[in-house]
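Here's the structure we're looking at; comments come further down.
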Amino acid sequence: MPDEKASTSVMQIRAGGDGPEPKPWSPSLPLSRRSLIQHTNTTNTLHTNHVRTVLNRLFAAAAHDDENPQWLPPDIPWETATAQERADAAESTYMPISRQGGELLYILARARRPKTIVEFGTSYGISTIYLAAAVADNGTGHVVSTELNTAKAAAARANLVEASLADRVTILPGDAMTTLNDLPGPIDLVLLDGWKDLCLALLRSLEPRLAIGALVVADDIILPSLSGYLEYVRDPANGYVSVAFPVEDGMEISCWTSHGPADAEGAL
């Protein structure tokens, strides 16, 4: 049996020790006197037929990526190609997030309930659908996604329409370093899944608009081109608490805890 003295003591602390002591909580109290969260047994958007159909089709198409390697003219090495050249060369390549990675994004977005989500790298919209589904189920928020390749941007829009999530997303075609300049803050969640060597520069450009507690997720952290980004977000002096999450090729989940780097006295 519960300790009656302990229950009473807890109630006294909650009441600040002033006034009459409230009665301890009891399962016999009427519902009107209990603090309960009402839940409804409704399915989430990810499990609806139209969203599952689109995701299954996209993942099936993405499974053929290895059969269609990225291509550039022989006089333009991949390593020295511009972001636009790489994006156009990879026009038919999906480069998707994994299913588990998508579900993790959905969970994070449901828990954080972001008003504004920024996605760097739409591609064909697989990760965008997971984020948009979370926004739809939260009943609030909007996804602003960016894509360099115009054909991919158009295809992603069509996929979002098919998934009945188009009204939750704005896709900005072009260079994210330019297209996101006029996006106001606060930004509550960021997904970095574009060209890895550009992730750090883009994050730094967004930092003045990040909400305190904003989540920043970077995909494919096993790639060497993300090493500078990882070094930055894993240094507490830069304002983040960061952890690697073992999903497919790895995801780095970082929380923005500051308006800027720690001052000389070590504010963080």
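Once the piece of chain linking HIS142 and THR48 is laid out straight, how much longer is it, given 0.36 nm per residue of separation minus the C-alpha distance between them?
31.9 nm
Counting only Cα atoms, region 45-256 measures 46, 43, 34 Å along its principal axes, largest extent leading. Note on ALA111 and ALA158: the extension gain reaches 14.2 nm, defined as 0.36 nm multiplied by sequence separation minus the Cα-Cα distance.
The packing ranking, built from the mean of other Cβ atoms within 10 Å per residue, places the peptides 47-55, 95-103, 203-211 in the order 95-103, 203-211, 47-55, highest first.
No value in this document is a laboratory result; all are computed from the given coordinates. Fair warning: this is a prediction, and the values are worked out from it, not measured in the lab. With ideal geometry, Cβ positions are generated from the backbone for all residues, glycine too; neighbour counts draw on all protein chains shown.
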